[in-house]
Amino acid sequence: MHTSEAPRLYARDPLLHGLVPRLTGLAHAQRTRVPWEYDKDLPLVLLTGRHGMGRTAVLRALERHYAGRLPLAFVDTAETPQVVGLLADLVRSLAPDTGRRFPLLLPGLLAVFAGYGEHGEHGERTRTTTLRLARLLLACHLESGSEADVAQRWAGRLRGRLDGGDVQDAVPQHAGDARHDRHAVAHAALAEYFERYARGRGSAPPRQWYQDRYAESEGTTGTAAEGQDGLVRLADWFHRGGDYRQAAEQTLVHAFLEDLTAARSKWQRLNRDPRPLVLLDNTHSPAGERLVDLVLAYRARPGTSQHDPLVVVATRLGDAPADAGDATHRALPDLVTSTHWRRTGHAPSAGLLVVPLTPLSRDDVLLMLDAASAPLHPYLASALHTLTGGHPLAGSVLCEAVLDHTRATAARDSAPGPPAGPLGPRNLLELTTADGVPVTQAILERLLPSPHQRARLVPLSLARDSTAAQALAAHLRLEGPEQLPANAAADYLEAEHWQHDTPQDRPLAADPLLHTLLVHEARRTSQGTDSRRGWQEIHGFLRRHHTTRGEDSEADALRHTLAAGDAKTVVAALSEEFQSEQDRQSALRWLNCLWYAATAPPPPAADWDDERAEMAAGAFDERYHDIDEIDRCINRLLHGLWYLSDAAAEPEADLCDDIGAELAFLSLRHQSWRAVLSQAARTWPAAVRAKRPLPLPEL
Amino acid sequence: MFLSRRNGFGPLDKAVAVLVPLVLIAVGVVVYLATRPGDCAGGLEKRDGECVGVTDEAFEANDDIKALVEAVADENARVAKAWSAPQLGQTPMPYGRIALMMPFTSDDSSAMTADMIRRALAGAHAAQLRANSSGGPHYQLLMAPDGKDLDEWRPVVDDLEGLTDDRQTPLVGVMGLPSSTPETRDAMRALSERRIATVGPVITSADMNAPYFFKTSPNNDLLVDALDQYLKKNKGRGKGFLVFDSRPDDVYSRNLHRLLEKKFGEKYGLRKRSASFLGSTGPAAGIPQRFQSAAQKICVTDSDTVFFAGRDQDLPALVKRLSQEPSCDRDNPVRILKVGIGLEPTLTTDELTAMLRETRTTLVAAASVTPEWWLAKSGAPVGLGGFLSVFDKMKKPYGLGPKPLDDGYAIMYHDAFMLLANAFDRSYSEANEGTEGSTGTPSPVRTPTKDDVYNTLIDASIVDTGESTRCIGCLQGAAGTYGFEKSSDTDQWPVCKPVPVIEHPAAKDRGPQTTYRTFAKTFRHPCP
C-alpha cells in the first residue's frame, strides 16, 4: 500500500543509495558502513531543479533514513532570514548527537544574540532571542527543563548581572548609547555563560580563538575598552551591519565548522563513524546562499590541512549560481559509482558538486501507477509521461489522482448504480485530488506559488506571444502595481526559475507542462460564453488581434478560431487557399497553417462536444453533404490532427493512417501540390504516431 | 559515537569485537596456566591429580623424601655423566637402570605410609650407592610413582616397557610393588607379560605369583610355618583366638586369614573363636579398627594365643583396646601372633611397650628381619654389615627417624635392588667375558637385556652336592643369604631365607632359637 507517511522516491537512487552514503559512510537503508569516496575534502552537494522536481523530497528521504543514525540537521533556509539563525538551528539539531557541544560557536552566538536584547522597543524580539538562547542551551545539555523555564532563568540571571553592576566596571558608561548598552549585555551574557557553563572546560580557549581573529583590530582601535575581548567585538561588528556583519558571520561559520572538526575524535575517524549530515533546503534564499558561500569559502582556504567532516546536501531552485564557474556538474546516472570530484583551483565554487534533478522516465510513471486496484488504460502511463514530461510533482499528483479515481470507481462499482466511465488518457487533467481540488489547480499552486501571478498567467497563457499577451492583458484589464502585467508575469516566471528569458515570439510560459496546465486551467475556469474572461471571448479577441496584425498571423488567427470551436470557418479558409494557390511555397504555408491551427486547445467541454475523433473517421460526413469532397477531406484531416495534437491523446493507429490517406487524397486533387502533399502523406503519420513535431516537406 | 547501533559497525568496532573475545580467551588461558596445579616436574605426567610415570630426575615430592629423591637424582645424573661424558682419563662406565615402582605420596588410607616410603627409598638408594661404589656396571635408580593407591600403574608399566628397548642403558628390572593388593597383582601380571623381571621386596601374600615376579621376603605360608615352629616350642595354654581383617579387597589379609585358619584352625578351634574388624588400609567402607567386640571375646574366652590376620597399622589399636578391656584377667600372659616384614616402629613405642608389659601381653611376629640382628649382633646375616655401613651414614642427613630398620622396609628394598643388580652384573660379565680378556677395552660389546637378567635370576642357585647344600650365586643380602629355584614349588619365593621370630617385649631369659629357613625341608641338608 502506498502510504503518504513514507512516499516512495522514484529515479533518485543514484543520490540516495550512491552519492550520499559514500559521503556519510552509512548505507541508506541498511545498518552497514559504506567506504568513503572522499577521505578529507568533501564536496558540497547542490541539488538543482525547477519547482516540483523533488528537491525537498530528496532531502526529506535523506532525513527519514538517516535520522537517529548520525548527527543530522534539516533546515529550510528560506524560513530564516539570517545566517546566525541558520547556525542556531543547525546547532540545535546537531548538538545532541555530537561529542563536543560547540564550545567555540556557542559563546559567539550568545554574544551576537545578546546584542538584540535589552531595548525597550524590541521587547518581542528580546523574548524570541532569549527563547532561542534557551533552546541552544537545552540542545547542548547545558540546561534542563522546559524552554520557557530556561529562558526565564537566563533572563533573570542576566538582569541580575546588569543590575548588580559587575559589568559596569568593565564597560565605560555612556548613558543612552545603544552601542554601549549592547556591550554591557554582551558582557553580562558572556560572563554568565563562561562562569556557569564553561567553568570546568575553561573559558580560555574560546576567548583566545576569538581574540586571535580580532587581534589586529584590537591594537588599532583606540576606543577598544579594557576587557573588551574578541567575542564582544564580534557582536559589535555583527550589529554594525554591512561588511562588518559579513565578517562576523564568516567568523561564526568558521567556529561552527571548527567545532565540528574538533568534536570528531580520532577513534571516530578511524572507525569510519558516519559523518554529520546537514540538509539545507532552498539555498537560493539569501541566508541559505550566504551560508553555502561561507562554507565553500572556508573549505577553499589555501593551505588547509584540517578538513571539516560535515556532509552538506543543499537544494537550490533553478540552476547553479551564476558565479559558480568552477563547480563540478554531474548528472544523476554519474553518481552511481563515483563522482570523480576533485577540488581544482582555489575558487570557492570548486567545492561545489552540482547535481541537476532530472525528470522521471515512463517506467517510473508505470511503477507509480502500479498500486492501482483496477486495470488501467494501457496508454495511461505514456499519456501521463508525455503530458508531464516526467515532472515528478505533476506526475505524482496525477498518479495519486488516478489511483484515487480507480479506488473510487471500484467502490462505486461494488455499490449499486451505473458504472462510471473508464478513465482515458484524455481525462487525466480533469481528475481531482483526494481533497476534491482539480489536479491542474493543485499542481499549479505548487509550481507557481504566487496566487496573484498565477491568476494573471492563466488567461495570458492562451496568447501566442508577448505582444498578444500584452494586448490580452489590456483587454482583460488585468491590473497590478506593474506597468505591463504581461511582462510582470514573464518576470515572475523567470524569478521562479521557469525560464531564463522570455522570447517575444513564444507564449509566456515556455515550459510545455506549465503551458499545458495553464491552458487547461484557463479552459477549466472559463466563465461561460458571455463573460469577458470566457474562453470564447478570449479566443475571439486573440483572433481579432492576430487578424489585425497582418498576413503572417493568419495561422494564429485560424488557430484561435479553431480554439473557439469554429472548425467550419477554419475548414473554409483552408479550402479556399487550397483551391486558389498554386505555387510550391504556398503549399508549404498551407501545410503549416493546417498543422498550426490544429494545435489549438480544445474548447471547454461545457459549451462544446468533443467529436473530433469521430469527425476524423468520417462519422459525421452526412452533416457536410452540402460542401464538396475536398472540403470534407480537409475537415476530416483538420479534426484528426487537432485530436492527435493533444499531449494526452493516444496516437491510435487508424487515425494516424487516416492522416496519410487524407493527405494522399488531397495530393491527387491539386494541380501542383502533389509532390509536397504526398511527401507529407508519407511522413506525417509516423510523426503523429511518435508524437513528434510534424515535419514540413523540404523545398 | 553513542548513537544506537543503527549506524552499523566500523572497522574499529569490528576489530574490538574480534579482539575482545580473543583477549578474554588469552587472559583465561594465562590465568588457567598460572593458577592450575603445578605441573609435574621430571617428566612425570598428571593422572587424577597425581604425578605418575618413570623418571631419573628429581620431582616434586613431600618434604620428608625430597632430600632422598634429590640424592637419587644426583646419583643418576652422575652415573649418566660417567657414561656419556666421563671425566678426563676415565673410561666410560656403562650402566643399567632399575626402576623403583611404588607410591611416593601417602595419606591416611594409602598403601604405604610416609615413613614406609622414606625407608624403602632410603634402602634402595643405599643399595644403589653400594652397587655404584663397587666394580662392574653402575645403576640408575629410576623412580616410578604409580599413585598412592597403586591404581595408576598402567602408564607407568607402559613407560617402563618403552625403556626396555634402550640397548645401551637397558632397564634391568623393576622393584617395589609394596602391598599385596589387586592393583599390585595386575601390575605384576602386566610386567610379567612384558617379560620384565620384577622384584617385590615386601610381598607376603602366597598367591602373588607370576613367572617374572620375584620376592625377597617369605610369603605368609612360610611365615605361618615359622610361627608353627615357634608354637611347637612355646606351647602356652593352648587357647587360641583369631582376629582378622574383614576387608574383601585386601589380598594380604585374606590370604593370611586363610593360611592361619588352615594351619591352626583345627588345633585351636579358631572357627568358633574368632572376631573380625575393618582394616584402615583401603577405601572407606565403614568405621575402621573397631576392636571392642574382639577384645571382649578374647578376654571372655580367656585366650592366650591370639592370631592376628591383618596389617600392622591396625595392631596398636587392638593392643590398646585389650588393655582397656575390663573383663580381662591380667594374671595370665597373652601372646598376639602376627607375621610381617618386621616390627612396625609404632608397635614398639614406649607407650605401647608399657601397655604390653602392664597387660602381660607379648607380640610374637614371624618376620623377614629382626632387630636382634643389629642390636644384639647375634645371628646377623653376612650381608647386613655392608648395608649398615652405608645406611648408617644416611640416617641423619635424610632424617630417617628412630628405629629406621625395624619395619624391615629399608633392608628388603635394599635386597631387592641388590638382587637385580647382582643378576645384571653376572649377565654382564658373562656376556663380555671373551671381549674383556682379549681387547682389554672396558667398552661393553654386549649389554645384557632384561631377558638375560631374568635368565640369570631364575637360574637354580641352590644345589645339593650330596654332602651339603651349596649356594651358587646366592644373594648375600642384608636380610640373609638366599636364592631362587626354577621349580614350580617355590614360585619365585626366596629359598633358604631366614625367618626370625621376634618377641616383644623380649623376655629377659629367652634362649637361643632355631631360625626357620624357607623351603629348608626340601633339602636333605640344612641351608648354607
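None of the figures in this text is laboratory data; all of them are computed from the coordinates on show. This one's a predicted model, so the numbers in the text were calculated from it and none came from an experiment. Glycine gets a Cβ as well: all are built from the backbone with ideal geometry, and neighbour counts include every protein chain shown.
Subtracting the Cα-Cα distance from 0.36 nm times the residue separation, let me have the gained length for A:His180 to A:Glu494 in nm, one decimal.
Details: separation 314, 0.36 × 314 = 113.04 nm, distance 4.55 nm.
This chain segment gains 108.5 nm when fully extended.
In whole angstrom, chain A maps to an equivalent ellipsoid with semi-axes of 63, 27, 24, each derived as √(5λ) from the alpha carbon gyration tensor and ordered largest first.
Given a Förster radius of 30 Å and the C-beta distance between B:Asp186 and B:Glu60 as r, what FRET efficiency does 1/(1 + (r/R0)^6) yield to the nearest 0.05? Once the sixth-power term is evaluated, E becomes 0.70. A straight chain from A:Asp39 to A:Ser361 at 0.36 nm per residue would run longer than the Cα-Cα distance by 112.5 nm. With all pairs of separate Cα atoms included, the stretch B:220-367 yields a Kirkwood hydrodynamic radius of 15.2 Å. Here the stretch B:45-215 is assigned +1 on the Cβ of each Lys and Arg and -1 on the Cβ of each Asp and Glu. Its dipole about the Cα centre then comes out at about 860 debye.
Under 17 Å from a point 7 Å along the Cα-to-Cβ line of A:Arg269: which residues of the stretch B:7-30 have their amide N that close? The answer is B:11-13, whose backbone nitrogens lie closer than 17 Å to the label point. Separation of the alpha carbons by more than 32 angstrom is noted, of B:Lys46/B:Lys393; B:Lys81/B:Lys393; A:Lys40/B:Lys14, for B:Lys46/B:Lys393.
Residues in the stretch A:279-287 carry Karplus couplings, in order, of 10, 10, 8, 6, 7, 7, 5, x, 5 Hz; the curve used is 6.51 cos²θ - 1.76 cosθ + 1.60 with θ = phi - 60°, and Gly or Pro positions show x. Note on B:Phe9 and B:Gln90: the model spin-label points, each 7 Å out from Cα along the C-beta direction, lie 6.7 nm apart. Given in Å, the Rg to one decimal and the Dmax to the nearest whole number for the Cα atoms of the stretch A:4-130 are 18.1, 55. For a straight C-alpha distance cut-off of 27 angstrom, the lysines reachable from B:Lys235 (same-chain residues fewer than eight places away being disregarded) are B:Lys262, B:Lys263, B:Lys267, B:Lys272, B:Lys297, B:Lys320, B:Lys338, B:Lys497, B:Lys508, B:Lys521.
Between A:Ala262 and A:Asp628, what's the calculated FRET efficiency when r is the beta-carbon distance and R0 is 60 Å? Round to 0.05. If you can, show how the numbers build up before the last one.
On the way: r = 89 Å, r/R0 = 1.48.
About 0.10, to the nearest 0.05.
Positive-end ranking of B:Leu356, B:Gln296, B:Gly269 along the dipole of the stretch B:220-367, with charges on Cβ about the Cα centre, is headed by B:Gly269.
Think of the protein assembly as shown as having a plus end and a minus end, set by charges on the Cβ of Lys, Arg, Asp and Glu; of B:Gly473, A:Leu317, B:Pro505, B:Pro505 sits farthest toward the positive end of this dipole. Computed per residue of the protein assembly as shown from DSSP H runs no shorter than four, each worth -39500 (n - 2.57), the mean residue ellipticity at 222 nm is -14500 deg cm²/dmol.
Note on the stretch A:362-445: Kirkwood hydrodynamic radius from all Cα pairs is 12.9 Å, rounded to one decimal. The gain in end-to-end length when the A:Asn487 to A:Arg342 segment is fully stretched comes to 48.0 nm, 0.36 nm per residue minus the alpha carbon separation. Each principal axis of the stretch A:434-489 carries a Cα extent, and these read 38, 23, 16 Å when sorted largest first. Working from Cα pairs under 8 Å separated by at least six residues, relative contact order for the stretch A:451-573 is 23 percent.
Nothing charged except the Cβ atoms of Lys and Arg (+1) and of Asp and Glu (-1): what's the magnitude of the dipole of the stretch A:567-699 about its Cα centre? Round to the nearest 20 debye. Display every interim value, and only then the final one.
Values: 13 positive and 23 negative charges, 136 e Å.
It comes to approximately 660 debye.
Pairs of alpha carbons in chain B separated by more than 31 Å make up 50% of all such pairs.
For the stretch B:236-354, a crude dipole built from +1 on the beta carbon of Lys and Arg and -1 on the beta carbon of Asp and Glu, taken about the Cα centre, is about 540 debye to the nearest 20.
Close amide H pairs (under 5 Å, H built 1.01 Å from N) link B:Ala275 with B:Leu242, B:Val243, B:Phe244, residues at least 5 positions away or on another chain. Each label was represented as a point 7 Å from its Cα along the Cα-to-Cβ direction; for A:Arg682 and B:Asp165 these points are 10.3 nm apart. Using R0 = 56 Å, the C-beta based FRET efficiency linking A:Lys568 and A:Ala297 works out to 0.25. When you restrict to C-alpha pairs under 8 Å that are six or more residues apart and normalise by the size of the stretch B:481-528, the relative contact order lands at 34 percent. Panel order for B:Trp493, A:Trp209, B:Trp153, by other beta carbons found within 10 Å of each beta carbon, from fewest to most: A:Trp209, B:Trp153, B:Trp493. Remark: spin-label model distance A:Asp370-A:Ala331 equals 2.4 nm, labels positioned 7 Å along the Cα→Cβ axis. The ellipsoid equivalent to the alpha-carbon distribution of the protein assembly as shown has semi-axes of 125, 43, 30 angstrom, derived from the gyration tensor eigenvalues as √(5λ) and listed largest first. Secondary structure note: in chain A, about 10% of the DSSP beta bridges are antiparallel.
Taking the three principal axes of the alpha carbon atoms in the stretch A:567-699, the coordinate ranges are 42, 35, 21 Å, sorted in descending order. A straight Cα-to-Cα reach below 18 Å connects B:Lys395 with the lysines B:Lys66, B:Lys403, residues fewer than 8 places away in its own chain not being considered.
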